[in-house]
Structures are given as C-alpha cells and as structure tokens.
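Participant: I am attaching a structure below and will ask some questions about it afterwards.
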Amino acid sequence: MNIYREITPLKSQDVFVVLDSVSNGFDYPIHNHPEYELNLIAGMSGTRIVGDSTERYTDCDLVLLGPYLYHKWDGDRHLQDSGQPYRVITIQFAIDLFSGQMFQKERFIKMRNLLRDSSRGIKFHGKTFEEAMQIMLSLTVDKGFANIIEFFQLLDLLSNSTEAAFLASEGFSPGALRSESNRIQAAYSYILKHFTDPDLKIGKVAAQVHMSESAFSHFFQKYAFRSYTHFLIDLRVGHACKLLLDTDDTIAQISSKSGFNNLANFNRLFKKYRSCTPVEYRKRYLEKNDFNWTRQVTPWQFLPAKTRVNEVVHPVAYATKLVHL
C-alpha cells in the first residue's frame with residue numbers, strides 16, 4: 001500500500017503549530033509524518049484509522065499520535081452534505097522538541113512517557129477530553145508566550161489522565177510496557193525480539209527471567225493484563241497488519257514472517273482478532289487510500305512514500321487557519 005508522507009507546516013523556529021479547520025472536509029489519504037500530532041474533532045462522526053486500528057468515532061474525538069504512525073479520519077458523508085458545522089484542531093510539534101537537557105529533569109518524566117506511548121496512538125475521553133478541548137480552543141488564538149504555557153498545561157493534563165486507551169496494537173508499533181519491574185521489562189524485550197519465531201514458547205521466556213512456566217504465567221498476567229498467549233498473538237497479528245500495509249508480500253509470506261506455524265492457523269486467528277481475513281484487511285485499507293496526490297488542494301502537502309522530501313518545498317498556503325507558536 002502507498003503510504004503518503006505529509007509535509008507539515010512546522011518550521012524550525014516553531015515550538016508547535018496549530019491548524020484550525022471549520023467544515024473543511026476530510027479529503028486526504030492515509031499518511032504519516034515525523035512530527036507528533038494531537039488531533040481534536042468536534043461536531044462530526046466517522047471512521048478513524050490509526051496504525052492497524054479502525055474504529056468509529058461519534059460527535060467528538062481526541063487522539064495523540066507519535067511520529068510516523070499511519071493515520072486518517074473520515075467524516076460521515078451524510079453529515080457533511082447536510083451542512084452540519086464541525087471543527088478540527090490539530091497541534092503538531094517536532095520529534096526532538098523534548099530532547100533538550102531541561103526536559104530530562106524529573107518533572108518531565110510523565111510527559112516523556114506520554115510521548116513514548118503515543119507510538120501506538122492514544123485516545124482520550126471523558127473529563128480529560130472536555131478540559132483538553134478548552135485548552136486547544138484557546139491555543140487557536142496567538143497570545144504570545146501564554147500559548148507556550150498552555151501547551152505544557154495540555155501535555156501535563158494528558159500525561160496524568162487515566163481516561164485514555166491505546167489504538168494501534170503492540171505488534172504494529174512495539175513499545176515498552178509501562179512498569180517498574182526489571183523482570184517484566186526483560187521478558188517483554190525478549191518477546192519483542194523473538195515473537196516472529198514460531199517456536200517461541202512460554203518456557204523459553206520464563207527461563208530468561210529464571211521462573212517456572214506456572215509462576216511466569218501468573219506474573220505476566222499481572223503486569224500485562226492478559227495471558228502470555230493472548231499477548232503473543234496480539235504482537236503477531238499486529239505485525240502481520242503492518243506487513244499487509246507496508247509490503248506486497250503474499251499472505252503466506254506474511255504468515256511466516258509474523259511467527260505463525262501454518263497459513264490456516266494464521267487466517268483463523270487473524271479473522272478472530274480483526275473480524276476480517278488478511279485479504280479483506282488489505283483491500284479495505286487500499287480502498288480507504290484511493291487518493292490522487294497530483295490533485296491536492298494544497299500542492300505538495302502529501303507525497304508518495306518514495307518521493308525524496310528534499311526535492312519539494314513546503315506549501316505556500318494551507319487551506320486552514322494556521323498559527324505558528
């Protein structure tokens with residue numbers, strides 16, 4: 001599948017940029033970019049794609065995306081055609097914004113963890129959504145340095161929230177478990193390194209942390225909130241989803257590269273965990289990505305994956321209100 005690269009309006013002197021769009025449509029392809037992105041939608045319902053996650057959203061949506069994570073929002077056509085007003089506010093900031101010495105201090109640990117976890121996409125809801133929306137609305141007006149303070153207040157709110165859920169599976173975007181246990185980290189790292197091996201059994205992982213299979217099974221369930229078997233299948237199916245989108249490999253090749261011992265087992269588990277076959281999954285994303293990049297409203301905003309970025313320039317103008325901060 002052709003994943004498009006978005007050339008964002010972020011400049012080197014910006015802390016972040018805010019794009020504020022009112023009833024402006026959703027005519028863009030599945031894409032990614034090296035910047036972090038916080039996307040708020042209010043007044044619209046539709047379908048959201050983040051990594052290998054495809055979900056319906058209703059009335060409102062707030063998602064934090066990590067660098068290079070595939071994403072796309074669709075709006076229900078009947079709502080758009082009815083003239084119902086809706087608003088999309090997007091905040092983008094650079095991948096290295098928090099790399100400076102000050103941001104390594106203890107007070108920024110939760111923010112750094114938030115950005116680390118955003119590699120899978122994080123959806124926020126409830127009171128967190130309501131408070132975040134008010135801050136993001138305020139950020140659409142340039143108030144000077146006050147916007148920078150509000151931006152950090154926004155990240156602090158999100159980093160302390162318990163009203164959040166991951167979107168992409170761990171196999172699609174592997175990351176570290178949020179845990180203080182060195183033992184679970186060691187086990188998790190070993191699984192990530194070897195999950196494509198069809199002979200990876202729980203006994204091998206248990207041996208890495210010097211535990212019996214029975215003890216490790218209970219231990220893993222406690223920290224990962226699911227069984228070892230369920231966790232391993234999640235990883236393998238998520239990895240298979242990524243290969244289905246990133247490559248032209250056959251289903252049999254993807255099954256083998258994802259750690260499944262036979263094609264029939266792969267097809268059965270994929271349908272169980274994704275509610276469709278691998279062939280249907282690939283076809284669904286291809287249909288979602290039907291996009292003529294040569295006819296963009298803003299020329300050069302989206303590029304085919306193989307296009308060299310240094311051969312193009314940033315858009316002269318954007319179709320939304322843009323605030324550089």
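Participant: Do you know which residues across segment 22-69 are touching a Gly at 6+ places or on another chain (Cβ under 9 Å), of a type in the set (G, A, S) and in a strand (DSSP E or B)?
Facilitator: Across segment 22-69, the qualifying residues are G46, S53.
Participant: Can I ask one more? Return yes or no: is D14 closer than 30 Å to K127 by Cβ and touching a residue at least 60 places away in the same chain (Cβ under 8 Å)? Can you show your working first?
Facilitator: Values: closer than 30 Å to K127 by Cβ: yes; touching a residue at least 60 places away in the same chain (Cβ under 8 Å): yes.
Judged against the criteria, D14 is a match.
Participant: Determine if segment 91-100 includes at least one residue that is touching a Lys or Arg at 6+ places or on another chain (Cβ under 6 Å) and either at pLDDT 90 or above or among the aliphatic types (A, V, I, L, M) (or both).
Facilitator: So far as segment 91-100 goes, no, none of its residues is touching a Lys or Arg at 6+ places or on another chain (Cβ under 6 Å) and either at pLDDT 90 or above or among the aliphatic types (A, V, I, L, M) (or both).
Participant: Determine, yes or no, whether S118 is outside any strand (DSSP E or B), touching a residue at least 24 places away in the same chain (Cβ under 8 Å) and among the hydroxyl-bearing types (S, T, Y). Full working, then the answer.
Facilitator: On the way: outside any strand (DSSP E or B): yes; touching a residue at least 24 places away in the same chain (Cβ under 8 Å): yes; among the hydroxyl-bearing types (S, T, Y): yes.
When the stated conditions are applied, S118 passes them.
Participant: Do you know which residues across segment 96-114 are farther than 17 Å from A165 by Cβ and touching a residue at least 24 places away in the same chain (Cβ under 8 Å)? I'd like the intermediate steps shown before the answer.
Facilitator: Just the residues of segment 96-114 that are farther than 17 Å from A165 by Cβ, to begin with: 96-112.
Correct list: L97, K110, M111.
Participant: Something else: Output the residue which, of all residues in segment 168-204 that are within 17 Å of the chain's Cα centre (by Cα) and within 16 Å of T229 (Cα to Cα), is modelled with the lowest pLDDT.
Facilitator: The qualifying residue modelled with the lowest pLDDT is G171.
Participant: OK, next. So N24 clears everything in (1) in contact with a strand residue (DSSP E or B) (Cβ under 6 Å, 6 or more places away or on another chain); (2) under 20 Å from R77 (Cα atoms); (3) not β-branched (V, I, T) except one condition, right? Which one?
Facilitator: Only one criterion in (1) in contact with a strand residue (DSSP E or B) (Cβ under 6 Å, 6 or more places away or on another chain); (2) under 20 Å from R77 (Cα atoms); (3) not β-branched (V, I, T) is unmet by N24, namely (1).
Participant: Let me ask something else about it. Can S227 be described as at pLDDT 85 or above and exposed (fewer than 13 other Cβ atoms within 10 Å of the Cβ)? Even if it seems obvious, please write down each step before you answer.
Facilitator: Working: at pLDDT 85 or above: yes; exposed (fewer than 13 other Cβ atoms within 10 Å of the Cβ): no.
No.
Participant: Which of the residues that make up segment 52-93 are without any contact (Cβ under 8 Å) to a residue 24 or more places away in the chain and among the polar types (S, T, N, Q)?
Facilitator: Residues satisfying the conditions are T58, S82.
Participant: Yes or no: segment 49-65 includes at least one residue that is touching a Cys at 6+ places or on another chain (Cβ under 8 Å) and under 19 Å from Y4 (Cα atoms).
Facilitator: yes
The values are calculated or read from the model by the stated rules, or taken from the named source; none is laboratory data. Everything numeric here is computed off the predicted structure, so don't read it as measured data. Neighbour counts are summed over all protein chains in view; Cβ atoms, including those assigned to glycine, are modelled from backbone coordinates with ideal geometry.
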